[in-house]
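Notes for the one structure printed next.
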Amino acid sequence: MEENTYILDILSGLGLAINEKNNSEIVINYPINFDKKTMKFVIDSNYKITFQQLGCFLSDFLNADFNEYADFLNFFTKYSLSLLNYNKLKKVFKNGYCTEETFKDFVLDLQTKNKNLLNKLQEQIDMILDYCLLNPTKKAEGYKPIERLYVLRRISPNLTILNENKSAYYSTNLFSSYPGSTEKDIYEFLSKKKNEVIEYDLILPYDLSSIIYKSICSILKEFLYLKSCKNCNKYFIATNKAYNYCQNIAPGETIKTCRDIGRKATFENTKASNPVLDLYYKTYNRKSMMKSRYPDIPKYVNDFNKFKETGKKKIKQYKTNKLSAEEFKNWIEKNS
Ligand SMILES: [Zn+2]
């Protein structure tokens, strides 16, 4: 079977590409599965191609806590080639499989090697979204999110995502199957209705920064929306600004998605304003403002960062009923 060159290029890169025409992401990996009979991990030598909405990589990336083994493993299973090339990966699986211990040691080692970089990239994304979208400074308020990004890039050479992303543009036409080799063959091939030519405009990222950068641009241009699900609190990509719930299976449920649950919940409390969350966001905004006003005073910078970091966890606990409104309020007041 003849292989499409674009697939080979994706495979020799990060296993990721963006199709600009339809805002989709192409993910290619070699599936790794646990075989319960032999109790071993098996790698499939045939690659698998997945198409998903542009931005899904970014939301998966933001949702992962790379310090947690389970989260790292999840991310690695889906995007293995973004962290390691296939030849290195293949070596872990002698004759296509490896024991549980070998696999765990390998993943732990990979996690140790990568987590600092991944955490740093996450921090940068937080800062970029904060500046461009969530908490623009007074100066930036009258401008579009994407314009704020251009400003941020100029004033923040340390944000490597904005300044060091590299990718290749790739435009190619593919036939839906082998069209033959002569001019006559190819026209004949096209004359049959089922056969067609597909045009691909692909972006092939050379590094994680470039796929992150492209996704951020699409969000800031409002081609798509990065939202945090009002039920499970995880990031998701919405094609409509009005969507507030993700379509993953809701925590503690087996079939119902957050969106199923959300419809009901929204109906029940008809968006009754929530005084604790209101207090949280007021405090958050005040601290964020102080940070951007006095970026050279570590007290304000650290204070905001700490509040935001812990705040994320508190909100999650609160929304999943692990923290009462009273406890959450006390925490906010103690730290405001
Ligand atoms: Zn959700």
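The values are calculated or read from the model by the stated rules, or taken from the named source; none is laboratory data. Quantities reported herein were computed from a predicted structural model and do not represent experimental measurements. Here the Cβ positions follow ideal geometry from the backbone for every residue, glycine too, while neighbour counts run over all protein chains shown.
Quick one: in region 217-232, which of the residues that are in contact with a helix residue (DSSP H, G or I) (Cβ under 6 Å, 6 or more places away or on another chain) and not in a loop (DSSP other than H, G, I, E, B) is farthest from the ligand (Cβ to nearest atom)? If we take residues in region 217-232 being in contact with a helix residue (DSSP H, G or I) (Cβ under 6 Å, 6 or more places away or on another chain) and not in a loop (DSSP other than H, G, I, E, B), then 220 is farthest from the ligand (Cβ to nearest atom). Note on region 314-336: residues that are under 28 Å from the mean Cα position of the chain (by Cα) and surrounded by 12 or more Cβ atoms within 10 Å (Cβ to Cβ) amount to 8. Per this entry, residue 58 is not counted among residues that are free of Cβ contacts under 8 Å to residues at least 60 places away in the same chain and farther than 25 Å from residue 38 by Cα. If the condition is being among the charged types (D, E, K, R) and either within 16 Å of the ligand (Cβ to nearest atom) or in contact with a strand residue (DSSP E or B) (Cβ under 9 Å, 6 or more places away or on another chain) (or both), then region 192-216 contributes 196, 199, 201, 207, 214. Counting only helices (runs of 4 or more DSSP H) wholly contained in region 1-78, the ones carrying 2 or more residues that are under 30 Å from residue 124 (Cα atoms) and at pLDDT 95 or above occupy 56-63, 69-78. Scanning region 233-250 for residues being in contact (Cβ under 8 Å) with a residue 40 or more places away in the chain and within 6 Å of the ligand (Cβ to nearest atom) gives a total of 1. Any chance region 227-234 includes a residue that's more than 22 Å from the chain's Cα centre (by Cα) and of a type outside the set (Lys, Arg)? Checking region 227-234: not a single residue is more than 22 Å from the chain's Cα centre (by Cα) and of a type outside the set (Lys, Arg). When residue 146 is tested against (1) β-branched (Val, Ile, Thr); (2) assigned to a loop (DSSP other than H, G, I, E, B); (3) under 14 Å from residue 217 (Cα atoms), exactly one condition is not met: (2). Taken over region 217-230, the residue count meeting the criterion of being closer than 15 Å to residue 125 by Cβ and out of contact with any strand residue (DSSP E or B) (no Cβ under 7 Å at 6 or more places or on another chain) is 3. Out of all the residues in region 255-269, which are hydrophobic (A, V, I, L, M, F, W, C) and either within 12 Å of the ligand (Cβ to nearest atom) or modelled with pLDDT of 70 or more (or both)? Result: 255, 258, 261, 265. Within region 114-131, which residues are in contact with a Leu (Cβ under 9 Å, 6 or more places away or on another chain) and closer than 30 Å to residue 81 by Cα? 114, 117, 118, 121, 122, 124, 125, 126, 127, 128, 129 - these are the residues of region 114-131 that are in contact with a Leu (Cβ under 9 Å, 6 or more places away or on another chain) and closer than 30 Å to residue 81 by Cα. Taking region 288-325 as the region of interest, how many residues are in a helix (DSSP H, G or I) and among the β-branched types (Val, Ile, Thr)? Qualifying residue count, region 288-325: 3.
Each row is one residue, and each column tells you yes or no for (1) under 30 Å from residue 5 (Cα atoms); (2) exposed (fewer than 13 other Cβ atoms within 10 Å of the Cβ); (3) among the β-branched types (Val, Ile, Thr).
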site: 125; (1), (2), (3): no, no, yes
site: 131; (1), (2), (3): no, no, no
site: 138; (1), (2), (3): no, yes, no
site: 168; (1), (2), (3): yes, no, no
site: 188; (1), (2), (3): yes, no, no
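Among 206, 187, which is the only one that is touching a residue at least 24 places away in the same chain (Cβ under 8 Å) and of a type in the set (Phe, Trp, Tyr)? Only one candidate passes the filter, namely 206.
Applying the condition of being closer than 22 Å to residue 208 by Cβ and more than 21 Å from the chain's Cα centre (by Cα) to region 92-119 and asking which residue is surrounded by the fewest Cβ atoms within 10 Å (Cβ to Cβ) yields 109.
Listed here are the residues, each with its yes/no results for (1) buried (at least 18 other Cβ atoms within 10 Å of the Cβ); (2) hydrophobic (A, V, I, L, M, F, W, C); (3) in contact with a Phe, Trp or Tyr (Cβ under 8 Å, 6 or more places away or on another chain).
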{"site": "21", "(1), (2), (3)": "no, no, yes"}
{"site": "30", "(1), (2), (3)": "yes, no, yes"}
{"site": "47", "(1), (2), (3)": "no, no, yes"}
{"site": "50", "(1), (2), (3)": "no, no, no"}
{"site": "64", "(1), (2), (3)": "yes, yes, yes"}
